[in-house]
Amino acid sequence: MKLLVTGSSGLIGSEVVTYFSNLGWEVHGVDNNMRADFFGPQGDTRWNQERLKAQFKAFQHHELDIRDRKAVLNCLETLRPDMIVHTAAQPSHDLAASRPFDDFDTNATGTLNMLEATRLHAPEAVFIHMSTNKVYGDRPNSIKLKELATRWDYDDASYENGITEEFSIDQSKHSLFGASKVAADVLVQEYGRYFGMKCCALRGGCLTGPNHSGVELHGFLSYLIKCNLSGRLYKVFGYKGKQVRDNIHSLDVVRFMHEFYKAPRSGEVYNIGGGRDNSISILEAFERIAVISGKAMKYEYVDLNRAGDHICYISDLTKMQQHYPAWGITKTLDDVFVEIHAASLISR
């Protein structure tokens, strides 16, 4: 079987390469290290690219910008893969505001390029797109909340398991990043519903793992743990540091992709995250990494939340587990912290 993964040097992309290479697939990766352009040296992913090439001799890297429509079309025409996993993106709210054309061209137009090239040259392929929970904008903040000692939580029984795919994406502030990802998400749905392509959009919460090149603008746990180990000051933006995210290990994301490949649907969306059991606030994360590293967290509070930021976001995994009962979370929050901590020690 042949797989093409965009953003192959990033967190999810590299996990896809690893997982399917180990299964004996022919794996092709597309990446041009735009994270270094977006975030500077800290965001550089060349180290991951070289790691994958060294570890998997059959892995083939393609230096390609998904904004280059002709190059994307030529790539799909040549490879004609059985499966496409599209993870390449500009992932930051803040950066999108300062570089709106780069953000939209990467997230929306790049996705259109990939979808149309797939339709023309590999129409039977399974297409999986990494979307984001930011397609819901700040509407999750309209849910009634209760303030606890170290976190915010839903004060509405209907959200006990988190936010479902039926939640509205309309009439909310998304940030320009969220808007470009909405465009991509809807395009994926439309190529499934209009053209009958086998595709889905995975609306990720906090995707994490030891191969994440986390920076202040993107990569919550990875960046937080790096700050703890180096003694760097971590800035908390608003909500008293009690804002909550559910975290899912990159391996569990890719395990779901494999299940979808085996029984694909057309134009589906799934909220993919760690669920309530893997949810944590910033204050709680400070405490947990301090126990593991033995170092107190250095931080300062900025009484101004980021535009469109969620106060509390937990993914309801019910739909995913109903459609694909063989899938479930295998990596606990403790597993995630320990693995990122170990990887960060090695990289220092």
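No value in this document is a laboratory result; all are computed from the given coordinates. Being a predicted model, the structure only gives us computed values, none of them experimental. Note that we place each Cβ from the backbone using ideal geometry, even for glycine, and neighbour counts take in every protein chain shown.
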With a point put 7 Å past each Cα toward its Cβ, work out how far Glu165 is from Lys319 in nm, to one decimal.
0.4 nm
Against the longest principal axis of the chain, how steep is helix 69-79, in degrees 0 to 90 to the nearest 10, with axes from Cα atoms?
70 degrees
Under 10 Å, Cα contacts only: if you run a Gaussian network model on the chain, which one of Ala296, Ala184, Ala88 comes out with the highest mean-square fluctuation?
Ala296
Helix axis angle, 46-55 relative to the chain longest principal axis, alpha carbon, degrees:
60 degrees
Give me the dipole magnitude in Debye, nearest 20, for the chain about the Cα centre, with unit charges on the beta carbon: positive for Lys and Arg, negative for Asp and Glu.
460 debye
What share of the DSSP beta bridges in the chain is antiparallel, in percent to the nearest 5?
15 percent
Rounded to the nearest 10 degrees, what's the angle between the helix 220-230 long axis and the longest principal axis of the chain, both from Cα atoms, 0 to 90?
60 degrees
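Segment 152-271: D in µm²/s via Stokes-Einstein (Kirkwood Rh, Cα pairs, 10 °C, 1.306 mPa s)? Walk me through the numbers before you get to the answer.
On the way: Rh = 17.0 Å.
Roughly 94 µm²/s, to the nearest whole number.
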In whole angstrom, the spacing between the Cα centers of segment 173-227 and segment 64-124 equals 13 Å
Burial-style ranking of 316-328, 98-110, 236-248, average other-beta-carbon count within 10 Å with highest first, yields 236-248, 98-110, 316-328
Segment 1-56: Kirkwood hydrodynamic radius (Cα pairs, Å) comes out at 11.3 Å
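Using the C-alpha atoms of the chain, what convex hull volume per residue, in cubic angstrom, is computed? Don't jump to the answer; show the numbers that get you there.
Working: hull volume 43.1 nm³, N = 348.
Taking the convex hull of the Cα positions in the chain, it is 124 Å³ per residue.
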Which order do the peptides 63-71, 118-126 come out in when sorted by mean C-beta neighbours inside 10 angstrom, highest first?
118-126, 63-71
